[in-house]
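Colleague: A single structure is presented below for examination.
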Ligand code: HEC
Ligand code: HEC
Ligand code: HEC
Ligand code: HEC
């Protein structure tokens with residue numbers, strides 16, 4: 001579905017390079033389900049050029065978030081209300097990949113603010129900047145936390161339905177993030193971009209030993 005390069009209008013050499021770069025990347029089957037998903041921005045007027053460019057660029061990427069994948073989108077500078085549950089973990093402000101997600105989903109940055117341009121189209125139904133009404137994230141989830149909590153699986157030894165351990169399949173640098181539950185590229189083709197389909201709470205029960 002992504003092999004539609006021929007239809008894309010090539011406006012400049014820079015854009016052509018971008019397209020070539022991503023055509024190489026998209027040769028892998030694993031991105032096929034991005035097309036047609038909630039993150040297929042080509043369905044919106046004025047964003048038809050390229051499915052990847054809103055989030056990634058091969059050149060001059062935004063490096064303000066460590067380990068971000070060649071980021072091309074404006075990054076949120078919002079201050080979030082911290083999570084205040086009865087946790088053993090101590091989550092603070094969103095970091096890492098979660099900060100990249102919030103760069104559209106907190107509603108403070110326009111979706112079409114990418115590649116240096118300032119956009120005008122904001123998510124109508126955003127998650128906002130209050131972390132209290134969402135699953136906690138951006139904290140270390142390790143064996144010690146599992147022991148302290150008492151009803152979490154050990155992330156270094158417990159296997160997920162995807163085949164690896166929780167740490168391998170769901171954590172980023174040992175941390176719990178948005179992408180612990182969601183796959184931004186819809187590679188698993190589950191409702192809600194989930195990594196693991198949540199039938200009978202299968203996603204929740206991958207980490208929670210209830
Ligand atoms: C909505 C934003 C968004 C779009 C659109 C998007 N990506 Fe990504 N991409 C991300 C994020 C966020 C990560 C980090 C994901 C993670 O760690 O799970 C990532 C990671 C990657 C990586 C690093 C390896 C990996 O899979 O984690 C590659 C390669 C990549 N994307 C390629 C692409 C290509 C090619 C396209 C277009 C077909 C694309 N992306 C579209 C946001 C996006
Ligand atoms: C990738 C692993 C993982 C997945 C998947 C996951 N959780 Fe969690 N969850 C955690 C960790 C780690 C904590 C922090 C526990 C602690 O600090 O004691 C947590 C905390 C919680 C808490 C405690 C909040 C509080 O304030 O005490 C609830 C409730 C919860 N998760 C529900 C869910 C539900 C519902 C799902 C499925 C939609 C889910 N979790 C999926 C890892 C996960
Ligand atoms: C460039 C902006 C942008 C970024 C970055 C982004 N999203 Fe989205 N996301 C959207 C838009 C737009 C929608 C569709 C909203 C709609 O149609 O109302 C969406 C929808 C979703 C949905 C709902 C899927 C469904 O089927 O209903 C999930 C889940 C989601 N995003 C998770 C993430 C996660 C996780 C990240 C980071 C890894 C992320 N998003 C990064 C713009 C973004
Ligand atoms: C613990 C697992 C978990 C984490 C962490 C998580 N989500 Fe979700 N999210 C879910 C589940 C489960 C759904 C419901 C999906 C469905 O059934 O369609 C969902 C739904 C959504 C939706 C659809 C609209 C809505 O509000 O229901 C969006 C957008 C979304 N998540 C974005 C994010 C973003 C962005 C992050 C990080 C800031 C994140 N999620 C973190 C599990 C999670």
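Colleague: Can you pull out the residues in segment 70-86 that are out of contact with any helix residue (DSSP H, G or I) (no Cβ under 7 Å at 6 or more places or on another chain) and modelled with pLDDT under 95?
Modeller: Those that are out of contact with any helix residue (DSSP H, G or I) (no Cβ under 7 Å at 6 or more places or on another chain) and modelled with pLDDT under 95: 85, 86.
Colleague: Answer yes or no: is there a residue in segment 166-179 that is more than 23 Å from residue 88 (Cβ to Cβ) and within 14 Å of ligand 1 (Cβ to nearest atom).
Modeller: no
Colleague: Quick check on my filter: what residues within segment 38-97 are under 13 Å from the mean Cα position of the chain (by Cα) and more than 12 Å from ligand 1 (Cβ to nearest atom)?
Modeller: Matches in segment 38-97: 94, 95.
Colleague: With (1) at pLDDT below 95; (2) assigned to a helix (DSSP H, G or I) as the list, and residue 210 as the residue in question, which single condition is left unmet?
Modeller: Failing condition for residue 210: (2).
Colleague: Same structure again: For residue 89, are the conditions met, namely being under 29 Å from residue 148 (Cβ atoms), assigned to a loop (DSSP other than H, G, I, E, B) and either within 13 Å of ligand 4 (Cβ to nearest atom) or without any contact (Cβ under 8 Å) to a residue 12 or more places away in the chain (or both)?
Modeller: yes
Colleague: Hey, another quick one. Starting from residues that are touching a helix residue (DSSP H, G or I) at 6+ places or on another chain (Cβ under 8 Å) and more than 8 Å from ligand 3 (Cβ to nearest atom), keep the ones in segment 111-128 and report whichever is nearest to residue 82 (Cα to Cα).
Modeller: Selected residue: 127.
Colleague: In segment 162-200, what count of residues is obtained for those that are in a helix (DSSP H, G or I), more than 12 Å from ligand 3 (Cβ to nearest atom) and buried (at least 20 other Cβ atoms within 10 Å of the Cβ)?
Modeller: Residues flagged as in a helix (DSSP H, G or I), more than 12 Å from ligand 3 (Cβ to nearest atom) and buried (at least 20 other Cβ atoms within 10 Å of the Cβ) within segment 162-200 amount to 3.
Colleague: Among the residues that make up segment 106-121, is at least one of them over 25 Å from residue 191 (Cβ atoms) and within 15 Å of ligand 4 (Cβ to nearest atom)?
Modeller: Scanning segment 106-121 turns up at least one residue that is over 25 Å from residue 191 (Cβ atoms) and within 15 Å of ligand 4 (Cβ to nearest atom).
The values are calculated or read from the model by the stated rules, or taken from the named source; none is laboratory data. In this text the structure is predicted, and so the values were computed from the model without any measurement. Here the Cβ is made from the backbone with ideal geometry for all residues, glycine too, and neighbour counts use every protein chain on show.
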